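Participant: Structure in structure tokens, see below.
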Amino acid sequence: MSSVRNGDAGGQGRSAPAPGGPADTALMLELNNVEVIYEEVILVLRGMSMQVPEGKIVALLGSNGAGKSTTLKAICGLLPSEHGEITDGTITFGGIDVTHTDAAQIVRMGLSLVMEGRRVFGHLTVSENLVAGAHTRRDSHADDLDMVYGYFPRLADLRGRTAGYLSGGEQQMLAIGRALMARPRIMMLDEPSLGLAPMLVSEIFDIVQRLNRDLGTTVLLVEQNARRALNIADHGYIMEQGRIVLEGPAADLADNPDVKEFYLGIGESGQRRSYRDVKHYKRRKRWL
Amino acid sequence: MEQAEVGSAYVETFIQLTITGLANGAILSLAALGFVIVFKATGVINFAQGYFLLVGAYLVWAGMVQFNLPWFFAVIVALVVAVLMGLATERFVLRPLVGENVISVIMVTIGLAFVLQGLVQFIWGTEPRPMPAFIPRGTVELLGVPVTLNRIWAVVIAGAVLAALTLFFQRSRHGIAMRAVADDQQAAMVVGISVRKVFALAWALAAASAVLAGIIVANLFGASGEVAVFGLLVFPVVILGGLDSVPGVMIAGAIIGLLVSYTAGYVGGGLQQVIPYIVLVLILLLRPYGLFGEVRIERV
Ligand SMILES: Nc1ncnc2c1ncn2[C@@H]1O[C@H](COP(=O)(O)OP(=O)(O)OP(=O)(O)O)[C@@H](O)[C@H]1O
Ligand SMILES: [Mg+2]
């Protein structure tokens, strides 16, 4: 039996987690009815609620403009730098309210974001990028440099290179390595597969999985590539127009006919549907 | 016989002009470095940079002459005041302007320049103040030419500070953080760098290095309005070197310093005061990013 369930559209009074839901273990991160407004008028998150249990990999999926990146920015305290604001709801990290905590403090608490589009420091070398990643650390980070180079041997060969001239895949590795240097308890990745060749995507996802397994790092993975994300995730959330519309264990979500239809691109007949068909269909049928 | 005499006099003049030019160039580089730091880290074009030199010159004069401090303490006090001035500029003048357009910010830094100049004139008046010698003023023989010691010291001090700052940017945690902010503010925030602290640090460093340059200038020429005129040469230097290039500023400082010195020595007639600005205009026309302005890395 599948435990996939629809999100409560209004987002009201969402507190008791579903049995078998993600809340069986200790919660690391929780969003409760978060509302985000940009430029004081553009309502982007409308009662966004989700939970990330400690030590798990959680996938957050959704189409373009659903509000996935906004969700991550809200968690990380980046909204003020984009004229955005959390106007309602709460975000807690390890039980502590971090709804309006500033970005630097959030990183110190153990939350790292790998931003969409990689965003390495282009004029710094690879190793300087990694040192910048350890900015919040007071202790020595020599071991962590070795650890990052262990996960990404290619970066070790490129350590003296200017980051801006690395290939897309290498930059993505550097972005993940840089986030790792802060020794995060939870790492959030925003579309790490964007623009990468399939081989590289596998490599990156593989490493994310290993980080989770070896270091116990909790992962919140935002992806367009739903199939691969659900493949490595324990739990999945699907987001549309600023709120969660569907959630469940990753395996169940991957089996869900709607998810197959919209995000995995497989129709009921088992054929791949064209994007236009999906779009058309989507307009008729929404989960909301 | 006479021929050789003329030849050696010519060489001597040349060497002296070169050393004068390099000394002035080193001081200019030091003064301009602060401009580059602020521009790189915060994106602000600081038209008041030259006037920080003026403040530095009068501060150290006041410390030594009015308060009878030993020169060493006078310099320390001037640097402390400089850091405070830099921090205050960031906190009270520029932070309220975050998000405003470039022109408003530029107007405000021009305003700041007038305020600094007015303040100096209000406190210390306008007449030139001769500086008691605190850097030895004798002469030494260099390449068979007598050279005043204070110029050599100017080069040594400016060079040492530039080297230290370069090392700071390459190696230290805060130096790397500053470069990270210059590259991508949001990405810097995401690794836990406080952009606000980096801005404050940039202004503190800018003011301190400019004040130090002002102190060296005062040691050469005394404390007077001339220091600000010298300070204005910061603009041709940064335009030539590229607004955001630290090595560029060092090389451009030397170029402008030499150019002024040679023009003064060989052409004269006041052309030396104009030549840096002719260079400025030419560079703006031909190579607006300067000789070494950072290329935007476009691959992604
Ligand atoms: N700084 C901003 N100011 C105004 N509107 C914004 C801003 N950032 C995002 N938005 C809007 O918020 C909505 C959600 O954007 P967001 O980037 O969170 O989507 P996303 O789910 O990450 O999409 P994608 O998959 O394309 O990255 C979009 O409609 C976008 O136009
Ligand atoms: Mg996005």
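Participant: Find out how many positive minus negative residues lie around A:GLY95, taking Lys and Arg as positive, Asp and Glu as negative, among other residues whose Cβ is under 13 Å from that of A:GLY95.
Facilitator: Neighbour charge sum, excluding A:GLY95 itself: -2.
Participant: If N is the number of residues in the range B:67-189, what value comes out of its Cα radius of gyration divided by 2.2 N^0.38 Å?
Facilitator: 1.45
Participant: Would you kindly calculate the mean projected area, averaged across all directions, of the convex hull enclosing the Cα atoms of the range B:230-279, in square nanometres?
Facilitator: 3.1
Participant: Let me ask another. Computed on protein heavy atoms with a 1.4 Å probe, what is the summed buried accessible area for the chain pair B and A, in Å² to the nearest 100?
Facilitator: 2500
Participant: Something else: Taking R0 as 35 Å, what's the FRET efficiency between B:ILE106 and A:ILE42 from their Cβ-Cβ distance, rounded to 0.05?
Facilitator: Computed FRET efficiency for B:ILE106 and A:ILE42 comes out at 0.70.
Participant: Kindly identify the range A:19-128 as rounded, prolate or oblate by the Cα gyration tensor criterion: order the square roots of the eigenvalues as a ≥ b ≥ c, call it rounded if a/c is under 1.5, otherwise compare a/b with b/c, prolate if a/b is larger, else oblate. Can you show the working numbers first?
Facilitator: Details: a/c = 1.57, a/b = 1.16, b/c = 1.35.
It is oblate, given that a/c is not under 1.5 and a/b is not larger than b/c.
Participant: Output the Kirkwood hydrodynamic radius of chain B, Cα pairs only, in Å rounded to one decimal.
Facilitator: 19.9
Participant: Return the carbon/sulfur percentage of the accessible area of the protein assembly as shown, one whole number, probe 1.4 Å, all protein chains in place.
Facilitator: On the way: 15470 of 26200 Å².
Solvent-exposed carbon and sulfur of the protein assembly as shown make up 59 percent of the total.
Participant: Select from B:ARG173, B:ARG151, B:ARG95 the residue whose mean-square fluctuation is largest in a Gaussian network model of chain B (Cα-Cα springs shorter than 10 Å).
Facilitator: B:ARG173
Participant: Can you give the helix-only mean residue ellipticity at 222 nm for chain B, where every DSSP H stretch with n ≥ 4 adds -39500 (n - 2.57) and the sum goes over all residues, rounded to the nearest 500 deg cm²/dmol? Intermediate results must be reported in sequence, preceding the final value.
Facilitator: Values: 12 runs with 210 residues, N = 300.
Calculated at 222 nm, the ellipticity per residue is -23500 deg cm²/dmol.
Participant: Sticking with this structure for a sec: Per residue, how large is the accessible surface of the range A:37-184? Use a 1.4 angstrom probe and give square angstrom.
Facilitator: Details: 5440 Å² over 148 residues.
The answer is 37 Å² per residue.
Participant: If a/c stays under 1.5 just call it rounded; otherwise compare a/b with b/c (prolate if a/b is bigger, oblate if not). Do that for the range B:1-70, with a ≥ b ≥ c from the square roots of the Cα gyration tensor eigenvalues.
Facilitator: oblate
Participant: When a/c is below 1.5 the answer is rounded, else prolate if a/b is larger than b/c, else oblate, so apply that to the range A:60-200 with a ≥ b ≥ c taken from the square roots of the Cα gyration tensor eigenvalues.
Facilitator: Taking the square roots of the gyration eigenvalues as a ≥ b ≥ c, the range A:60-200 is oblate.
Participant: Normalising by the residue count of the range A:147-202, find the relative contact order in percent from Cα pairs under 8 Å and 6+ residues apart.
Facilitator: Working: 22 pairs, mean separation 18.2, N = 56.
Answer for the range A:147-202 is 33 percent.
Participant: I've got another one for you. When the distances between all Cα atoms of the protein assembly as shown are binned every 20 Å from zero, what whole-number percent does each bin get?
Facilitator: For the protein assembly as shown, the binned pair fractions read 18, 41, 26, 12, 2, 0 percent.
Participant: Taking one equal scatterer on every alpha-carbon of the range A:121-182, how large is log10 of I(q)/I(0) by Debye at q = 0.27 1/Å?
Facilitator: Taking Cα atoms of the range A:121-182 as identical point scatterers yields -1.15.
Participant: Given Cα pairs under 8 Å that are at least 6 residues apart, what percent is the relative contact order of the range A:121-182?
Facilitator: RCO, the range A:121-182: 57 percent.
Participant: I want to check a number: in the protein assembly as shown, how many lysine pairs have alpha carbons closer than 19 Å, given a sequence separation of 8 or more or different chains?
Facilitator: The result is 6.
Participant: Another question about this same structure. For chain B, what does the relative contact order come out to in percent, with C-alpha contacts under 8 Å and a separation of six or more?
Facilitator: The normalised contact order for chain B reaches 36 percent.
Participant: For the range B:27-137, just list the percent of Cα-Cα distances falling in each 10 Å bin from zero outward, please.
Facilitator: With a bin width of 10 Å, the distribution comes to 13, 42, 31, 12, 2.
The values are calculated or read from the model by the stated rules, or taken from the named source; none is laboratory data. Bear in mind the structure is a predicted one, so any value in this text is a computation, not a measurement. All Cβ positions, even for glycine, are placed from backbone atoms using ideal geometry, and neighbour counts span all protein chains on display. Heavy atoms of the whole protein, side chains included, go into the accessibility calculation; ligands, DNA and RNA do not. Shrake-Rupley method; radii C 1.70, N 1.55, O 1.52, S 1.80 Å.
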